[in-house]
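Trainee: Dropping a structure here in structure tokens format, bear with me for questions.
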Amino acid sequence: MAEFTLRLRRYLPESGEAAYWQDYTVELEPHRSVLEGILQVRAEQDGTVGIRCSCRAAICGSCGVRINDRAALACHTHLSAAAAGAKDGVIKVEPMGNMPVIKDLITDFEAVHWKKVRRVTPWLLPDGPPPEREYIVAHEAMVDVTQPMACIQCGACVSDCLSMEVDPEFIGPAALAKAYRFVGDPRDGQHFERLQDLAEDPHGIYDCTHCFNCIEACPKGVAPMSQIMRLRRLATADFQIDDRNNGKRHEQAFTELIEKYGTLFEAELLPRSYGGKFHPRALPELLRSLPAILKAVMRGKVTAMKALHHPKLPDQKRVREIFETVEGREQRYDLNLYISGYDDDADDDVPADAKAGDAKAEASA
Amino acid sequence: MPSHDVLIIGAGLAGQRAAIAAAEGGATVAIMSKVHPVRSHSTAAAGGINAALAPEDSWESHAFDTVKGSDYLGDQDAIEIMCREAPDEVLWLEHAGVTFHRNPEGRLGTRAFGGASAARTYYVADITGQALLHVLYEQLMKHHETIDRYEEWFTTSLLLNENGHCVGALAREIRTGALEVFNAKSVILASGGAGQCYKPTTNALICTADGIAQAYRVGAPLMDMEMVQYHPTTLVENGFLITEGARGEGALLFNREGERFMEKTAPNKMELASRDVVSRAEQVEINEGRAFEDGGIALDVTVVPRKRVLEALREIVNIGRDFAGVDITRDPIHIRPGQHYIMGGVKTDTNGETSVRGLYAAGEVACISVHGGNRLGANSLLDTLIFGRRSGTHAAGRARHVAMPETPHSRVRDEQRWIDSIIAREHGGRRVSAIKDELGENMNTYCAVFRDADGLGTMRDIVERLKQEAETAWIDDRGTVFNQDVLGAIELGYMLDCAEAIVAGAIERKESRGAHSRTDFPERNDEEWLKHIDISRNGGDAPKITHSPVTITRWEPQERTY
């Protein structure tokens, strides 16, 4: 047994008071969960503490909170680990971010999360009537969509999504992972329509800034950002969707510049993302971006010299070789937890260079 | 006042399936749940769903396995229906979008499960329940025009009219504390089981016997309540579930002496005997001192190929790592039997109708009885879907010739007064949480794998005392917004009613059958006890006990060996 201090963010809407912190001390074995700590508080000290919880085993997705400033399931975080990662050993627990708070640790999922899930038409849309028996599809395809299917809708990724903080209308990591569950499902008949919809939406797949927060926050290994990147690759490489957000061109410009120079030629990236310097849309876009450009000039980030000339890496050849290897493959490797196991495992079935393929995937945006 | 043809209480698999079927039957539907539907406990069902879908398999074989698994207490007409309709139901799920894993030909793949004579368990890795639940919720969102969802509404009572017909329910919106009458021509209870009557249990905190007690209180009899399943593989320390799928994929059980002890009790099926058989064998090992120091038995998953474990048993890899500190792909993990499922419940016919007109029940809350004395693994998901659908269809049909009832608003005032009185209780007696713990720990002592008259008598007295103490049990929260404290007090009442019925049934059945093992009556006694025990509420007195026959269609009781 050990003593732990839980500092809970309290908000009682009927009190008329602002939110405040309240400390509770619990005695439990160190490998017990933060949720067990909170339940002990509730059972023995203060029954007014509000938290949604049910299964206690990281399956139901109810108890998403922020522990020491990071989203997590309370049942899935050991007290000892939480205390070790805390300032002064005090475990700070507060409601998840990006969602309104209803009471204490309880947030309004309906107002944010579920609305976004419904935005992606979250049900299978097969072509025509179903077959007499089951759809015949590859085992691998079903294992593949098991990864987004493993999502328990806990909202941890939504809580910590930086893009959503800036653009509350961003469809967001959980809902887009759900979208991949249909786009990756061979039984669905609307892959193109779904991808076009998500590519054309200004708050869709190109609104993600790949900060990796959702991958870190997810307790189930769904890797929402990876699913968003896969949606992008399908939209661009496979379906050639030329979206009005210039997502495809931006991605193309990005990869072409890296292939040519090895590092990012930023002055060239902007015009190319809009179809090149002489494209009719380039000038208005350039004018629109003027404030940003001026700021960059003032900080010395852009100079006339840098705008016109960008040096290649000395061993640029090796960068190009990576491109050749990856693009020369017959099949695209998609890192999938259910197929590959743990990230740190050497698995015989994944070729040694698959990691390089994944690195490209993440760079290609 | 919301009024619907069909009101469904509970939004796990049974409730959601009932909602879709009722809507397809042309009814207006409301589905209500005290948690968001995807938080329902169906999500914890890991292993899979049984169906005799393969050409070389047959529904008769599935039905016989189920009858035998039930220790011949299951009603064979209901079991026949379930097993006959299983293949179409699994195909319906597949067409709706469930991402069932496939065999190399791209057809639905199967895994082996306990008590089954063929590999007929269809699965999605080891998140089958979750996958099913989330796909059904997709369908619920799709049918939003015909199905009204009331998410996070807590049912406090069922409503009867002057003829004793069920005409709706009273429910509290958890977010606002508002109490509302829901008028309905029919009500389908689909609010799950009662695991929280036990401590520990594999069941979620929400499994508090709500529907069982609500039906009991309005006069619907309960059946087979003494039949409580202990799952053979729950984590020693905290009772978390390790799916039977592990043994289905080949994992083995060993005692401390390294002996594969299942050889003694089930030489043919070994680890894949019925759950009651395996749990009993483990408990014998534990009682006779052959368990490990922590009181557990070793479950060895390392014999399953690592790639297969990572692909098909990923969730228990996580549970082992996060909740027991064991990498199950490298080391055995220690388990013991733990409370998991209640075979009994509200007595229904094969359309889900209870003896109260207008009241249906489906899923774990109900007892049809397809599980009898012991449920086979992967038959519970099937039960929820088949009888959820049948209830929904039947209730929709009933709506066509029943007028919309209306309950007077005064009923809300009485109920509100009752809830307010709980909130206002003085801090004199015991805390609700203390009573709940005492109930659970004692049920796990006296009403567990092995039982006897003395222990059960003790338990009956404990329940009686706790019921009295619960009347003055106090809570902290005086608010209305998300007052989870007051809901806990109401749930405690539900659990105590349910525990009373479990103990009464266990005292009554003086034989050993299925999950009910009486050390003072160690043999099965078909002559006297091949019958159901029905339990009805009897005012404030001890429950009224009657018996009803077991329906036998084609499988006469035999000796049960595995």
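The values are calculated or read from the model by the stated rules, or taken from the named source; none is laboratory data. From a predicted model like this one, the values you see are computed outputs, not experimental measurements. A quick note on method: Cβ atoms are made from the backbone with ideal geometry, for glycine too, and the neighbour counts reach across all protein chains shown. These accessible areas exclude ligands, DNA and RNA; they are computed on the full protein's heavy atoms, side chains included. Shrake-Rupley method; radii C 1.70, N 1.55, O 1.52, S 1.80 Å.
Trainee: State whether the residues of the range A:137-147 include one that is hydroxyl-bearing (S, T, Y) and either open to solvent by 60 Å² or more (accessible area, probe 1.4 Å) or at pLDDT below 95 (or both).
Mentor: Looking through the range A:137-147, at least one residue is hydroxyl-bearing (S, T, Y) and either open to solvent by 60 Å² or more (accessible area, probe 1.4 Å) or at pLDDT below 95 (or both).
Trainee: Something else about it: Name the pairs whose Cβ atoms lie under 6 Å apart, with the first residue in the range A:49-72 and more than 23 Å from A:N213 (Cβ to Cβ), the second part of a strand (DSSP E or B), and 6 or more positions between them or separate chains?
Mentor: A:G50/A:K103; A:G50/A:I106
Trainee: Specify the residue that is most open to solvent (accessible area, probe 1.4 Å); the eligible residues are those in the range B:79-104 that are of a type in the set (A, V, I, L, M, F, W, C) and within 20 Å of B:Y137 (Cα to Cα).
Mentor: If we filter the range B:79-104 for residues that are of a type in the set (A, V, I, L, M, F, W, C), which is where we start, we get B:79, B:81-83, B:86, B:90-93, B:96, B:98, B:100.
Applying the additional criterion that residues be within 20 Å of B:Y137 (Cα to Cα) yields B:90-93, B:96, B:98, B:100.
Numbers: B:V90: 0, B:L91: 14, B:W92: 64, B:L93: 1, B:A96: 13, B:V98: 0, B:F100: 1 Å².
Checked the range B:79-104; the qualifying residue most open to solvent (accessible area, probe 1.4 Å) is B:W92.
Trainee: Quick check, is B:V486 under 21 Å from B:L205 (Cα atoms) and either within 14 Å of chain A (Cβ to nearest Cβ) or in a strand (DSSP E or B) (or both)? Step through it out loud before you land on a result.
Mentor: Numbers: under 21 Å from B:L205 (Cα atoms): yes; either within 14 Å of chain A (Cβ to nearest Cβ) or in a strand (DSSP E or B) (or both): yes.
Judged against the criteria, B:V486 is a match.
Trainee: Okay, moving on. Does the range B:391-439 hold any residues that are among the hydroxyl-bearing types (S, T, Y) and part of a helix (DSSP H, G or I), and which are they? Working first, answer last.
Mentor: Kept after step one, since they are among the hydroxyl-bearing types (S, T, Y), are these residues of the range B:391-439: B:391, B:393, B:407, B:410, B:421, B:433.
Matches in the range B:391-439: B:S391, B:T393, B:S410, B:S421, B:S433.
Trainee: Look at B:L205 and say whether it is free of Cβ contacts under 8 Å to residues at least 60 places away in the same chain, hydrophobic (A, V, I, L, M, F, W, C) and under 30 Å from B:G114 (Cα atoms).
Mentor: In short, yes.
Trainee: Okay, moving on. So which residues in the range A:51-71 are open to solvent by 10 Å² or more (accessible area, probe 1.4 Å), within 8 Å of chain B (Cβ to nearest Cβ) and at positive phi?
Mentor: A:R56 - this is the single residue of the range A:51-71 that is open to solvent by 10 Å² or more (accessible area, probe 1.4 Å), within 8 Å of chain B (Cβ to nearest Cβ) and at positive phi.
A quick yes/no check of all residues on (1) modelled with pLDDT of 95 or more; (2) of a type in the set (A, V, I, L, M, F, W, C); (3) touching a Ser or Thr at 6+ places or on another chain (Cβ under 8 Å):
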residue	(1), (2), (3)
B:A131	yes, yes, yes
B:Y137	yes, no, no
B:W153	yes, yes, yes
B:L159	yes, yes, yes
B:H165	yes, no, no
B:I174	yes, yes, no
B:N183	yes, no, yes
B:A194	yes, yes, yes
B:N203	yes, no, no
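Trainee: When the residues of the range A:31-50 are narrowed to those that are at the interface with chain B (Cβ under 8 Å from one of its Cβ atoms) and assigned to a loop (DSSP other than H, G, I, E, B), which ends up surrounded by the fewest Cβ atoms within 10 Å (Cβ to Cβ)?
Mentor: Looking at residues that are at the interface with chain B (Cβ under 8 Å from one of its Cβ atoms) and assigned to a loop (DSSP other than H, G, I, E, B), I get A:D46.
Trainee: It is to be established whether one or more residues within the range A:19-29 are within 10 Å of chain B (Cβ to nearest Cβ) and surrounded by fewer than 23 Cβ atoms within 10 Å (Cβ to Cβ).
Mentor: Within the range A:19-29, the first condition is being within 10 Å of chain B (Cβ to nearest Cβ), and the residues that meet it are A:29.
Cutting the leftovers down to surrounded by fewer than 23 Cβ atoms within 10 Å (Cβ to Cβ) gives us A:29.
Yes, the range A:19-29 contains at least one residue that is within 10 Å of chain B (Cβ to nearest Cβ) and surrounded by fewer than 23 Cβ atoms within 10 Å (Cβ to Cβ).
Trainee: Of everything in the range B:273-315, what is closer than 21 Å to B:Y123 by Cα, within 14 Å of chain A (Cβ to nearest Cβ) and not basic (K, R)? Give them in sequence order.
Mentor: B:V304, B:P305, B:V309, B:L310, B:E311, B:A312, B:L313, B:E315
Trainee: Let me ask something additional. What residue, among those in the range A:97-136 that are of a type in the set (F, W, Y), open to solvent by 10 Å² or more (accessible area, probe 1.4 Å) and under 17 Å from A:R181 (Cβ atoms), is farthest from the other protein chains (Cβ to nearest Cβ)?
Mentor: A:Y135
Trainee: Could you grab me the full set of residues in the range B:486-520 that are free of Cβ contacts under 8 Å to residues at least 60 places away in the same chain and of a type in the set (D, E)?
Mentor: Once the filter is applied, which keeps residues that are free of Cβ contacts under 8 Å to residues at least 60 places away in the same chain and of a type in the set (D, E), the range B:486-520 yields B:E500, B:E511.
Trainee: Just checking, does the range B:168-180 include any residue being closer than 30 Å to B:L93 by Cβ, part of a strand (DSSP E or B) and of a type outside the set (G, A, S)?
Mentor: No, there is no match, as no residue in the range B:168-180 is closer than 30 Å to B:L93 by Cβ, part of a strand (DSSP E or B) and of a type outside the set (G, A, S).
Trainee: Same structure, new question: When residues of the range B:373-431 are filtered for being more than 21 Å from B:V98 (Cβ to Cβ), open to solvent by 70 Å² or more (accessible area, probe 1.4 Å) and of a type outside the set (D, E, K, R), how many remain?
Mentor: Of the residues in the range B:373-431, 7 are more than 21 Å from B:V98 (Cβ to Cβ), open to solvent by 70 Å² or more (accessible area, probe 1.4 Å) and of a type outside the set (D, E, K, R).
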